[in-house]
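Undergrad: The structure that follows is given in the form of C-alpha cells.
The values are calculated or read from the model by the stated rules, or taken from the named source; none is laboratory data. Note that the structure is predicted; figures quoted are calculated from it, not measured. Reconstructed Cβ throughout: ideal geometry from the backbone, glycine too, with neighbour counts over all protein chains shown. When the accessible area is computed, the model is the full protein with side chains, heavy atoms only, and any ligands, DNA or RNA have been set aside. Shrake-Rupley method; radii C 1.70, N 1.55, O 1.52, S 1.80 Å.
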Amino acid sequence: MTDEHLGRMVRDADPYRPDVIRHLDGAAQNLLEEIMSVPTLGPVAEPPGKRPRARRGMMSGLAGASVAATLLAGVLAVSILNVDQPEGRPANPPITSEATGPAAYSAMVLKAAEENPRLLIDQPGWKATTVYGFAEKEGTIAFSNGGRQLEMNWYPAAQYDGYHKDRLQVSKPEPVKVDGWPADLFRYSASDFAVMLRPRDGSFVELRTGGAWTRSEFDRVVADVVRVDAHTWLAALPAEIVTPERVNEQAAKVLADVPLPPGFDTAALNGLGTNDAYQFGAKVTSRIGCGWIAEWLRAKEAGDDAALRRAADALRSSHKWKVLHQMNDEGDWPEVFWETADKVAAGGPPVGYKDALGCE
C-alpha cells in the first residue's frame, strides 16, 4: 500500500463530506457566494494530509440513506452537443422550479460553478450520495446504484503528477476517454478501478469504484459520465444539505440541548461551508468541544475552580446531547468526542486532542 493510498483511506473516513443531487433553485446563489468567500472562522482547521474524524465504512460513511437523492430526469437527460465545448453540455430543456420557473444565477455564481469539474452519470438508477468541497480546492461527488459506487474526486492540477506517479505503482495505465477527455485507467484488482482525467481548468478528476464491479460494467458507466454546464450542475445540488441559508435553522436543532462555552459566536457557524446533517453536526460540536476545552485550560491556569467545574460538567453532558446520539449509528465522531471530553473532565486534555477534535 502506498503512502498516498493510505492517505486516501484516511480521507475516505472523513465525516465532513456532504451529500448530493436534487434541486436548490434560489439556494444555489447563497451556496456559491459562500464558495467564493470561504471564511476561515472557528476551530476546525485540520493538519495537511490528516483527517482524524472517522465515519464508519468507506462508502456507507459517505451519506445516510435519508439524504441520498435520485438524479432528476431533467438533469440527467442532457443534450449531447460538442464534447469539446468548454462550458460543457447544457441542460435541455432548462431546469425549472414550480415556484420560480427557470433557474437564474448571477455571473459570480456561474463563475464559481464553472471552477468545479461538474460531472454527472447519464444513466438511470444512479443515486448521488455525497458532494463536498464547495469551499475547498478539492472535493468529491459520489454516486451509488445497488451495490456499486462511483466516486469522482477532484484535486488541484498541480497535484496531478504526484497522484499519477503513485498510480503507476498500482498498475500499468490504459488510455481511455471520459466525455471525450483523455484519461488513464488503473486496476487495483479485477473489480476495483480508477480513472484519472488529465488536468483541465485548474483541477483534475479521478473516478474510483467501490463495491462489486466488472470491467464491462465500469466501461459502460464511464462511457455515460458527462460534463455538464454550470446551470445543470447547480440545479443538481441537493436540497437536503445544509447550505448557508439553512445554517440558522439547523444550528438551532443541533444546539437545542448543548451548553455553549463562554464567548461562543453562533454567527460564526455561517463559515462552516456546505454539509449534510452528519458533517454539520460534527463541525458544530467540534467548535463546542474545543471551546469548552479552551475554557477548562483557562480556568485551570487562573485557579478558577468554579469555571473549571462548569467546563468539566459541560463536557460530561455531551453524553446526553441529542445530536451526537443521532450521529452515532452513522459514524464514529460521537465516540471520538466522548472519549476526548471524558479525559478532559477527568483531569485535562489528552495528548493529541487538537487533532482528535479539530481544534486550532
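Undergrad: Please work out which residue is nearest to residue 227 (Cα to Cα), limiting yourself to the stretch 184-210 and to residues that are small (Gly, Ala, Ser) and touching a Phe, Trp or Tyr at 6+ places or on another chain (Cβ under 7 Å).
TA: Start the filter on the stretch 184-210 by keeping residues that are small (Gly, Ala, Ser), which leaves 189-191, 194, 202-203, 210.
Narrowing the set further to residues that are touching a Phe, Trp or Tyr at 6+ places or on another chain (Cβ under 7 Å) leaves 191, 194, 203.
On the way: 191: 25, 194: 18, 203: 14 Å.
The selected residue is 203.
Undergrad: Test of understanding: among 252, 299, 267, 306, which residue is free of Cβ contacts under 8 Å to residues at least 60 places away in the same chain and open to solvent by 60 Å² or more (accessible area, probe 1.4 Å)? Break it down stepwise before answering.
TA: Details: 299 fails: open to solvent by 60 Å² or more (accessible area, probe 1.4 Å); 267 fails: open to solvent by 60 Å² or more (accessible area, probe 1.4 Å); 306 fails: open to solvent by 60 Å² or more (accessible area, probe 1.4 Å).
Exactly one residue qualifies, and that residue is 252.
Undergrad: Scan 311, 282, 294 and give me the residue that is in contact with a Pro (Cβ under 9 Å, 6 or more places away or on another chain), open to solvent by 10 Å² or more (accessible area, probe 1.4 Å) and under 15 Å from residue 341 (Cα atoms). Lay out the reasoning, then the answer.
TA: Working: 311 fails: open to solvent by 10 Å² or more (accessible area, probe 1.4 Å); 282 fails: open to solvent by 10 Å² or more (accessible area, probe 1.4 Å).
Result: 294 is the single residue among 311, 282, 294 that is in contact with a Pro (Cβ under 9 Å, 6 or more places away or on another chain), open to solvent by 10 Å² or more (accessible area, probe 1.4 Å) and under 15 Å from residue 341 (Cα atoms).
Undergrad: Any residue at all in the stretch 86-96 that is open to solvent by less than 10 Å² (accessible area, probe 1.4 Å) and modelled with pLDDT of 70 or more? Step through it out loud before you land on a result.
TA: In the first step, residues of the stretch 86-96 are kept if they are open to solvent by less than 10 Å² (accessible area, probe 1.4 Å); the result is 88.
Narrowing the set further to residues that are modelled with pLDDT of 70 or more leaves none.
No, that holds for no residue.
Undergrad: Select from the stretch 273-319 the residues that are within 31 Å of the chain's Cα centre (by Cα) and among the basic types (Lys, Arg) and write down the one among them that is nearest to residue 354 (Cα to Cα).
TA: 287
Undergrad: So is residue 195 more than 25 Å from residue 276 (Cα to Cα), touching a helix residue (DSSP H, G or I) at 6+ places or on another chain (Cβ under 9 Å), without any contact (Cβ under 8 Å) to a residue 40 or more places away in the chain and of a type outside the set (Ser, Thr, Tyr) or not? Write out each step before concluding.
TA: Details: more than 25 Å from residue 276 (Cα to Cα): yes; touching a helix residue (DSSP H, G or I) at 6+ places or on another chain (Cβ under 9 Å): yes; without any contact (Cβ under 8 Å) to a residue 40 or more places away in the chain: yes; of a type outside the set (Ser, Thr, Tyr): yes.
Spelling it out, residue 195 is indeed more than 25 Å from residue 276 (Cα to Cα), touching a helix residue (DSSP H, G or I) at 6+ places or on another chain (Cβ under 9 Å), without any contact (Cβ under 8 Å) to a residue 40 or more places away in the chain and of a type outside the set (Ser, Thr, Tyr).
Undergrad: Now, a different point. Report the residue count in the stretch 317-345 for those that are touching a residue at least 60 places away in the same chain (Cβ under 8 Å) and open to solvent by 30 Å² or more (accessible area, probe 1.4 Å).
TA: Summing the residues that are touching a residue at least 60 places away in the same chain (Cβ under 8 Å) and open to solvent by 30 Å² or more (accessible area, probe 1.4 Å) in the stretch 317-345 gives 5.
Undergrad: Out of all the residues in the stretch 246-303, which are among the charged types (D, E, K, R) and within 15 Å of residue 324 (Cβ to Cβ)?
TA: Selection gives 253, 257, 283, 287.
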